[in-house]
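Trainee: This structure is in structure tokens; I'll ask about it shortly.
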Amino acid sequence: MIWMVLIALALLVAVAATVFTAKSRSRRPRHRVSNVKRLLASAAGVTAGLVIAVSGAGATYAYLNAQTSAAGATLKSGTLGLTVSAVDSTAFTLLLPGETVQRDITVTSTGNAKATVTVKRAAAGALVVSLAPVACASVTGSTTWTTVTTTASSLGDFAAGQARTYCVRAVAPTSGLAKSSSTGFTLDFVSIQKAN
């Protein structure tokens, strides 16, 4: 509604300016004002009126604006750690050909980040070494064993602080060992950070 009133006022101002310009110029007989000049004067008056109307009406409008700041954050790195319980190595000595020995080990993720744990043998050897994902007392005929070689095998994902017990089994070669020789094995456990 305000727009219409302001535009009407602007048009009245433009017409009045045009009429006034025409009358003031008609009093001077020497100079005749051409129709083009009159048209330009009218357009200038209308434009001025519109500018005044729009600028006056525009003051009643505002853009919505909001601003906020995020609180500062501190990034902290996680930690990875891994412990493996000790194994009685004497249990794996003086094995007869084809003899099997089993012992429990506990693998614990001691860091505060999720981890994927792998295991492999440090070097190949005459003993066949395997891991089962249960304590030796819980081993049955249907237990799944993973033969540990020099290629890493996954033990799965560990949550921060999680501990798991595994049964380690070593089987001596059926052909036995040469006289006065010995063999052993070393297992390498590796913890790798797991991406979310």
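Read-outs throughout are calculated quantities, based only on the coordinates presented, and are distinct from any laboratory measurement. The shown structure was predicted, so the numbers you read here are calculated from the model rather than taken from an experiment. A quick note on method: Cβ atoms are made from the backbone with ideal geometry, for glycine too, and the neighbour counts reach across all protein chains shown.
Trainee: Give the calculated FRET efficiency between ALA152 and THR93 to the nearest 0.05, with a Förster radius of 30 Å applied to their Cβ-Cβ distance.
Mentor: Calculated value: 0.65.
Trainee: Going through segment 143-195, which chymotrypsin sites (Phe, Trp or Tyr not before Pro) have at most 16 other Cβ atoms within 10 Å and a DSSP loop state?
Mentor: The qualifying sites are TRP145.
Trainee: Is the C-alpha gyration tensor of segment 99-196 telling us rounded, prolate or oblate? Criteria: a/c under 1.5 is rounded; beyond that, a/b larger than b/c is prolate, otherwise oblate.
Mentor: prolate
Trainee: What's the magnitude of the charge dipole for segment 82-193 around its Cα centre, counting Lys and Arg as +1 and Asp and Glu as -1 at the beta-carbon? Answer in Debye, nearest 20.
Mentor: 120 debye
Trainee: Related question: Starting from the Cα of THR183, step 7 Å along the direction of its Cβ; do the same at ASN65; then give the gap between the two resulting points in nm.
Mentor: 8.1 nm
Trainee: Which one, ALA137, CYS167, SER182, projects farthest toward the positive side of the charge dipole computed for segment 82-193 from Cβ point charges (K/R +1, D/E -1)?
Mentor: Highest projection toward the positive end goes to SER182.
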